[in-house]
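The values are calculated or read from the model by the stated rules, or taken from the named source; none is laboratory data. Everything quoted here is computed from the prediction, not taken from an experiment. Don't worry about glycine lacking a Cβ; one is built from the backbone with ideal geometry, like all the others, and counts go over all protein chains shown. Just the protein is used for accessible areas: all its heavy atoms, side chains included, with ligands, DNA and RNA removed. Shrake-Rupley method; radii C 1.70, N 1.55, O 1.52, S 1.80 Å.
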Amino acid sequence: MNTFSALAHPNIAFIKYWGNRDNTLRLPSNGSISMNLDGLFTRTTVTFSPSAQTDSLLLNNRPVTGPGLDRVSYILDIVRGMADLPDRAEVVSENNFPAGAGIASSAAAFAALALSASKAAGLNLSEAQLSILARRGSGSASRSIPAGFVEWKAGTNDEDSYAISIAPPEHWALTDCVAVVNAGHKKTGSTEGHALAGTSPLQAARVDDAPRRLEICRQAILRRDFAAFAEIIELDSDMMHAVMMTSHPPLMYWQAATLEIFHAVREWRAAGLPCAYTVDAGANVHVLCPREQAGAVEKRLRDLPGVRDVLVAQAGGAARIV
Ligand code: PMV
């Protein structure tokens, strides 16, 4: 019996991943760039044991069965195949951030699972191999393996589609103030959403233009150029949501409060407060700013009528064994 625990942070995408070339392998239509979120994490413990009859999953102290467990077993099957190990596993996982807070938990979850399961199976995978394994569970999880500011190169096949760090967390004191708004009905999950991306006539234009946006964003991060960063992340987020809104069936993740925050952020920036918005597959708004402005941005967000809560995170480290 071999037990390992691993911790991974969720991440916020600056250049978004939306749509796959291959839905099963989760090979993305375009590359993406993100930042890990320090302070927020998933901690996962995996124990392979010869006496276990089936895989089991305990998530935040609740047993999970059905599709949730199947998705975990899919990763465990890959690990069992690599390690030539027949044993079933017990998986115990906990998040320290609230569900529905606008933080995609699947990225941290599958990064922590890839690391803990591979270690527990006796494998010593490279960072690239871990990123590939995490990607098979959730595309964005590939970016929660390396540290700090991360780029997932789209690649062309299972072996070359993985994420690398482009700058360590201490490179830039960028802060993410996550404005949690009152979300209405349940959103469509991203796995389902990726499969719809190609039905939007705008997706081809978004994907074709991705190398240009990636380059601008990469350079803005490397140069700590907030003005260029602000412009490109808002454009990229708006382009992804334009694809979502024009897919068939259409996906509308924004709420009235989401749009109110966009307007407020642009007014504040025009008035000299450096801040910029980006939104993943939900209604909550991630407002990025330099650390010196985080207190002011957080306070202003809390004063907006539609904002229920604000979570604050800095750039976080790599997935690690704990
Ligand atoms: O990893 P997934 O399948 O949950 O997809 C993530 C999709 C977005 O969060 C909307 C964008 C991204 O790049 O993280």
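Yes or no, residue by residue, for (1) within 16 Å of the ligand (Cβ to nearest atom); (2) aliphatic (A, V, I, L, M):
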| residue | (1), (2) |
| --- | --- |
| 112 | yes, yes |
| 117 | no, yes |
| 127 | no, no |
| 137 | yes, no |
| 171 | no, no |
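Within the stretch 111-128, the set of residues being touching a residue at least 40 places away in the same chain (Cβ under 8 Å) and assigned to a helix (DSSP H, G or I) comprises 111, 112, 113, 114, 115, 116, 117, 119, 120, 127. Cβ separations smaller than 6 Å between residues 6+ apart or across chains give the following pairs from the stretch 156-177 residues that are within 11 Å of residue 131 (Cβ to Cβ) to residues that are among the aliphatic types (A, V, I, L, M) and modelled with pLDDT of 95 or more: 161/27; 162/128; 162/132; 163/150; 165/147; 165/150. Annotation note: Cβ proximity below 7 Å between a residue of the stretch 6-18 that is within 15 Å of residue 135 (Cα to Cα) and a residue that is away from the ligand (no atom under 13 Å from the Cβ) and open to solvent by less than 10 Å² (accessible area, probe 1.4 Å) (sequence gap 6+ or interchain) occurs for 8/42; 8/112; 9/316.
Please state which one of 75, 103 is touching a residue at least 60 places away in the same chain (Cβ under 8 Å), open to solvent by less than 30 Å² (accessible area, probe 1.4 Å), within 16 Å of the ligand (Cβ to nearest atom) and in a helix (DSSP H, G or I). Exactly one of 75, 103 is touching a residue at least 60 places away in the same chain (Cβ under 8 Å), open to solvent by less than 30 Å² (accessible area, probe 1.4 Å), within 16 Å of the ligand (Cβ to nearest atom) and in a helix (DSSP H, G or I), namely 75. Looking across the stretch 210-222, the residues that are touching a residue at least 12 places away in the same chain (Cβ under 8 Å) and open to solvent by 10 Å² or more (accessible area, probe 1.4 Å) come down to 211, 214, 216, 218, 222. Selection over the stretch 10-43 of residues that are more than 13 Å from the ligand (Cβ to nearest atom) and under 17 Å from the mean Cα position of the chain (by Cα) gives a count of 6.
Residues that are more than 15 Å from the chain's Cα centre (by Cα) and open to solvent by 10 Å² or more (accessible area, probe 1.4 Å) within the stretch 265-282 comprise 266, 267, 268, 269, 270, 271, 272, 273, 274, listed in sequence order. Name every residue in the stretch 283-293 that is away from the ligand (no atom under 16 Å from the Cβ) and open to solvent by 10 Å² or more (accessible area, probe 1.4 Å), in order of residue number. Across the stretch 283-293, the qualifying residues are 290, 291, 292, 293. For the stretch 294-322, filtering for residues that are aliphatic (A, V, I, L, M) and open to solvent by 60 Å² or more (accessible area, probe 1.4 Å) leaves 3. Restricted to the stretch 175-254, the set of helices (runs of 4 or more DSSP H) holding at least 1 residues that are more than 16 Å from the ligand (Cβ to nearest atom) comprises 203-208, 210-222, 226-245.
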